[in-house]
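Q: Just passing along the structure, written as structure tokens.
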Amino acid sequence: MSNPIRVLIIGAGSAGLAAAILLHRTLTTHSLPFRISIFELRPGPSTLGGAINLTPNAVKLLDHIGIFKDLESSGCSVKTIEMISSRTLTSLGNLTFGDVDRYGANSLRIARKDLQTALLAKVAELGIEVSFSKRLENIEQTLDDITAVFADGTSVTGDILLGCDGTHSAVRKCIDPDRKPVYTGLSNTYSYVDPKDLSALPVKDTSAIFQCRVGSLLLTWSTPSRSEKLFWAAVMEVSAPQDLSKDGWRSMGDDVLNMKQRVKDTYCSERDPQMGFFADLLEQTEDDVYFYPVWKLEMSDKWWEGRCLLLGDAAHAMPPLAQGVGLAVEDAALLDRLLNDHIEKTKNANNGEVNTKEVPWEDISKKLVKIRTPRVKKDYERSVGGFEGLKDKGWFAAMLKDWLVWFYLWAIGVKFDEAFKYDVLKESLD
């Protein structure tokens, strides 16, 4: 029997868990021996992250993975996102975020923890090993294998190592130490609230973005009832702390009262007297309030080195603009397709035989990056440009944004339309 293919995955987020599930399916289908192991820095499944929007391309892939039915009953279907002026509370237009006939699915707003719970349940069902409290310290490569060395003194050796450990990736530091996250100057403060008076809300459907002079405010339902767990997320300019270490950022996040007051001062000031309803929502917020500085990575095609490959935010972190989970799961799905393509071609050429030690991991990584870069670059430029537009440019620019919102909705709608139609399962591998 051939030696087993050993897959090491660093990070138990969307990219890592999706990759594990898909690779397990492919290797099982081809009756090849394998072992997939996932290593996560945190001591247990993360409960952070608020509510995320799973766009139609992400929904279709999660259905392909086999977990969408588990998610559908927990989230809120989203067809449009309404743009509302914070000055007048009048509707400026709508962004289409779902259309079953056009895209094959609607979007789904859901708690990030519910997505991770569903992915972890699928991983457990397949018997894939997940180890928590594993801090990666180094990677050691030879021509024949790759070893992950952890802070607790343990190490593990495999054939391929996937860096799926997010924006501040420890794996990326090992293969591309000069590419570091850059703070955008904007931060996101968010929480959930159970509104006492639904009639006071200007949100007519499921989701609304309030176009403000400073930053951007999102209100969206995240459960099927549309009467509880209203998610609010306020993006605004925040100066970096003097202490730029994790402790410095953490101390800002721990000051909940100051955070809520900063949000109130930004969105419920004399500039926007109509926003008093949001001040009431802030007062009613009893759930934990979270603070998340928004980072980006400069675009690069160095997602791999030898037997090490970066996926998701570890490879292409960008400000959140709806496509984070979709891009991460697309990375995983394309890797799975490329491996499956190699196995099938090898079987056809060798009377059904596959030498598992001769999988061309470097060639697969090169091809994946070549295929993915154009799509990821488009979303990167859109998200970075979109977040730059949230910075304060004065009262006149704010009024101009309201007047020209029709053009913005048309332009961004064209880009979303292209992104939502995309199907990585039909992407050419040639």
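The values are calculated or read from the model by the stated rules, or taken from the named source; none is laboratory data. Here the structure is a predicted model, which is why all the values come from computation and not from measurement. Positions of Cβ are backbone-derived with ideal geometry, glycine not excepted, and every protein chain shown enters the neighbour counts.
Q: Determine, yes or no, whether Leu282 is in a helix (DSSP H, G or I) and closer than 29 Å to Val235 by Cβ.
A: yes
Q: May I pose another question? Could you run through the stretch 198-243 and say how many residues are assigned to a strand (DSSP E or B), within 12 Å of Glu82 (Cβ to Cβ) and among the β-branched types (Val, Ile, Thr)?
A: 2
Q: Take the stretch 160-196 and flag every residue that is without any contact (Cβ under 8 Å) to a residue 12 or more places away in the chain and not basic (Lys, Arg).
A: Those that are without any contact (Cβ under 8 Å) to a residue 12 or more places away in the chain and not basic (Lys, Arg): Pro177, Asp178.
Q: Go through (1) at pLDDT 90 or above; (2) in a strand (DSSP E or B); (3) over 17 Å from the mean Cα position of the chain (by Cα); (4) not charged (D, E, K, R) one by one and return the number of the condition Pro195 breaks.
A: It fails just one condition, (2).
Q: Pairs, please: C-beta under 7 Å, at least 6 apart or cross-chain, first residue within 14 Å of Asp363 (Cβ to Cβ) and in the stretch 297-310, second acidic (Asp, Glu) and not in a loop (DSSP other than H, G, I, E, B)?
A: Listed by first residue and then by second, the contacts come to Gly306/Glu362.
Q: Another question, if that's okay. Name the residues in the stretch 330-369 that are under 20 Å from Glu305 (Cβ atoms), surrounded by fewer than 18 Cβ atoms within 10 Å (Cβ to Cβ) and among the charged types (D, E, K, R), would you?
A: Residues satisfying the conditions are Lys357, Glu358, Glu362, Asp363, Lys366.
Q: Tell me, which residue of the stretch 244-262 that is under 24 Å from the mean Cα position of the chain (by Cα) and either part of a loop (DSSP other than H, G, I, E, B) or surrounded by 15 or more Cβ atoms within 10 Å (Cβ to Cβ) (or both) is modelled with the highest pLDDT?
A: Met259
Q: Taking only the stretch 16-41 into account, find how many residues are touching an Asp or Glu at 6+ places or on another chain (Cβ under 6 Å) and either hydrophobic (A, V, I, L, M, F, W, C) or without any contact (Cβ under 8 Å) to a residue 40 or more places away in the chain (or both).
A: Residues in the stretch 16-41 being touching an Asp or Glu at 6+ places or on another chain (Cβ under 6 Å) and either hydrophobic (A, V, I, L, M, F, W, C) or without any contact (Cβ under 8 Å) to a residue 40 or more places away in the chain (or both): 2 in total.
Q: Counting only residues that are hydroxyl-bearing (Ser, Thr, Tyr) and touching a residue at least 12 places away in the same chain (Cβ under 8 Å), which one in the stretch 77-101 is surrounded by the fewest Cβ atoms within 10 Å (Cβ to Cβ)?
A: Thr88
Q: For the condition assigned to a loop (DSSP other than H, G, I, E, B), within 27 Å of Leu41 (Cα to Cα) and at pLDDT 90 or above, what is the one hit in Asp301, Asp336?
A: Within the list Asp301, Asp336, the selection yields Asp301.
So that you can scan it fast, the table gives a plain yes or no per residue for (1) farther than 26 Å from Leu41 by Cβ; (2) out of contact with any Asp or Glu (no Cβ under 8 Å at 6 or more places or on another chain); (3) not aliphatic (A, V, I, L, M):
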{"residue": "Gly324", "(1), (2), (3)": "no, no, yes"}
{"residue": "Lys345", "(1), (2), (3)": "yes, yes, yes"}
{"residue": "Asn350", "(1), (2), (3)": "yes, yes, yes"}
{"residue": "Val354", "(1), (2), (3)": "yes, yes, no"}
{"residue": "Pro374", "(1), (2), (3)": "yes, yes, yes"}
{"residue": "Ser383", "(1), (2), (3)": "no, yes, yes"}
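Q: Asp70 fails exactly one of the following numbered conditions: (1) in contact (Cβ under 8 Å) with a residue 60 or more places away in the chain; (2) under 14 Å from Leu120 (Cα atoms); (3) not polar (S, T, N, Q). What is the number of that condition?
A: (1)
Q: Please find, within the stretch 138-154, the residue that is surrounded by the fewest Cβ atoms within 10 Å (Cβ to Cβ) out of those that are without any contact (Cβ under 8 Å) to a residue 24 or more places away in the chain and under 25 Å from Pro43 (Cβ atoms).
A: This residue is Gly153.
Q: Those residues that are out of contact with any Lys or Arg (no Cβ under 8 Å at 6 or more places or on another chain), buried (at least 16 other Cβ atoms within 10 Å of the Cβ) and part of a loop (DSSP other than H, G, I, E, B), I need them from the stretch 169-192; list them, please.
A: Result: Ser169, single match.
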